[in-house]
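K.L.:
This is the structure, below, for whatever I ask next.
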Amino acid sequence: MTVELTRRGNCALITLNRLEALNALSFSIIRDIGAALDTVAEMEGVRALLITGAGEKAFCAGADIKELRSRPLLPQKRGAELGQAVFAKLDNLPVASVALINGYAFGGGLELALACTFRLASRTAKVGLPEIKLGLIPGYGGTQRLPRLIGESRALEMIMTGRTVDVGEAERIGLVNRIVEGDLVEAGEAFAAGFTRYSLPALEFARRAVQRGGGLSLGEGLRVEADLSTLAYRTADAEEGMAAFQEKRKPEFNDG
Ligand code: DAK
């Protein structure tokens with residue numbers, strides 16, 4: 001199996017497992033990731049998704065360069081669309097996702113991490129979009145998600161130079177949320193615990209408001225926020241949260 005799906009408490013854990021190629025993204029592994037994400041969307045009791053790479057060395061070394069070579073133009077375009085569609089499933093998952101970058105995250109590997117809601121990285125992680133060195137440009141969302149995350153100028157510098165960014169810089173520019181010293185999966189669970197205790201509908205509305213707003217003018221984005229914040233207000237969990245505040249007790253959210 002090139003993609004393993006396991007359970008860690010209330011988190012689902014996807015592990016890319018193609019050690020011999022540093023977990024590089026063949027089209028087959030991309031399809032397996034898509035299937036795993038479909039399963040996660042249906043899993044009972046899952047409140048967050050963690051994604052990591054097998055082994056000590058790599059989260060994912062990018063698209064499988066050997067497989068990418070010598071393909072006719074149209075299948076190549078379909079390949080880009082496949083990768084984009086699979087990574088976009090992360091946006092539409094009912095729960096937030098956390099990429100656990102345990103080593104190299106290059107090209108398509110970084111694009112997978114960028115499609116996650118959050119990114120944690122080990123001290124040895126290195127990230128980059130080296131496509132330009134191969135005469136390519138990113139094809140799985142990097143030119144779109146990276147500038148939205150770190151700004152156009154920094155993103156263009158990474159894309160046009162293909163340079164490797166160490167974890168300290170990645171954290172400083174907001175590419176990763178945290179640098180982790182110990183066990184990355186445990187750190188991922190602890191990080192997820194910071195939000196999984198809250199109401200799932202409220203968490204989802206918050207993600208939707210931010211995601212949709214990213215492509216809108218401020219005025220349109222504020223209208224989306226007005227709609228989604230009103231929807232959140234109408235949930236039983238909102239009633240419970242506000243009542244608990246007034247009654248000076250801890251709220252008990254039921255995801256309703
Ligand atoms: N693809 C295939 N095999 C890879 C690979 C990759 N991306 N990365 C590593 N491997 C394989 C190596 O070939 C080697 O296998 P053998 O040759 O021994 O059989 C094995 O993994 C171990 O790698 P190394 O021996 O190179 O290990 P090192 O520790 O020396 O170096 C490294 C680690 C990560 C620095 C190095 O492996 C490396 O530079 N890897 C390539 C990084 C990279 O350039 N990634 C690809 C970025 S381009 C599109 C779709 C997608 C894309 C664009 C268009 N369309 C459909 C239009 C996106 C493209 C990219 O992601």
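The values are calculated or read from the model by the stated rules, or taken from the named source; none is laboratory data. Because the structure is predicted, anything quoted here is derived from the model rather than measured. Glycine gets a Cβ as well: all are built from the backbone with ideal geometry, and neighbour counts include every protein chain shown. Protein only, heavy atoms only, side chains kept; ligands, DNA and RNA dropped before computing areas. Shrake-Rupley method; radii C 1.70, N 1.55, O 1.52, S 1.80 Å.
K.L.:
Could you tell me what percent of the accessible area of the stretch 193-246 is made up of carbon and sulfur, with a 1.4 Å probe and every protein chain present?
P.N.:
61 percent
K.L.:
Take E247 and E152, extend 7 Å from each Cα along the Cα→Cβ direction, and tell me the distance between the two endpoints in nm.
P.N.:
The answer from the label model is 5.2 nm.
K.L.:
Moving to a separate point now. Compute the accessible area per residue over the stretch 172-255, keeping the other protein chains in place, probe 1.4 Å, unit Å².
P.N.:
The answer is 67 Å² per residue.
K.L.:
Counting other Cβ atoms within 10 Å of each Cβ, which GluC sites (Glu not before Pro) in the stretch 11-57 have at most 12 and sit in a DSSP loop?
P.N.:
Sparse-neighbourhood loop GluC sites (Glu not before Pro): E44, E56.
K.L.:
Below 13 angstrom from the Cβ of A48, what's the summed charge of the other residues (Lys, Arg +1; Asp, Glu -1)?
P.N.:
Result for the local shell: +3.
K.L.:
Something else: Applying 1/(1 + (r/R0)^6) with R0 = 51 Å to the Cβ-Cβ distance of E240 and R69, what FRET efficiency is obtained, to the nearest 0.05?
P.N.:
The value I calculate is 0.35.
K.L.:
On to the next question. Once a ≥ b ≥ c are taken as the square roots of the eigenvalues of the Cα gyration tensor of the stretch 101-212, is the result rounded (a/c under 1.5), prolate (a/b larger than b/c) or oblate (a/b not larger than b/c)?
P.N.:
oblate
K.L.:
A follow-up question, please. For R7 and E56, compute 0.36 nm times the residue count separating them, minus their Cα-Cα distance, and round to one decimal in nm.
P.N.:
Using 0.36 nm per residue and subtracting the Cα-Cα distance, I get 15.6 nm.
K.L.:
Take peptides 112-121, 157-166, 7-16 and line them up by average Cβ neighbours within 10 Å, highest first, as a rough protection proxy.
P.N.:
Most protected by this proxy first, the peptides run 112-121, 7-16, 157-166.
K.L.:
Now for a separate question. Classify the stretch 1-96 as rounded, prolate or oblate, taking a ≥ b ≥ c as the square roots of the eigenvalues of its Cα gyration tensor: rounded when a/c is under 1.5, otherwise prolate if a/b is larger than b/c and oblate if not.
P.N.:
Oblate is the answer for the stretch 1-96, as a/c is 1.5 or above yet b/c matches or exceeds a/b.
K.L.:
Report the local net charge at K250: Lys and Arg +1, Asp and Glu -1, summed over other residues whose C-beta lies under 12 Å from its C-beta.
P.N.:
0
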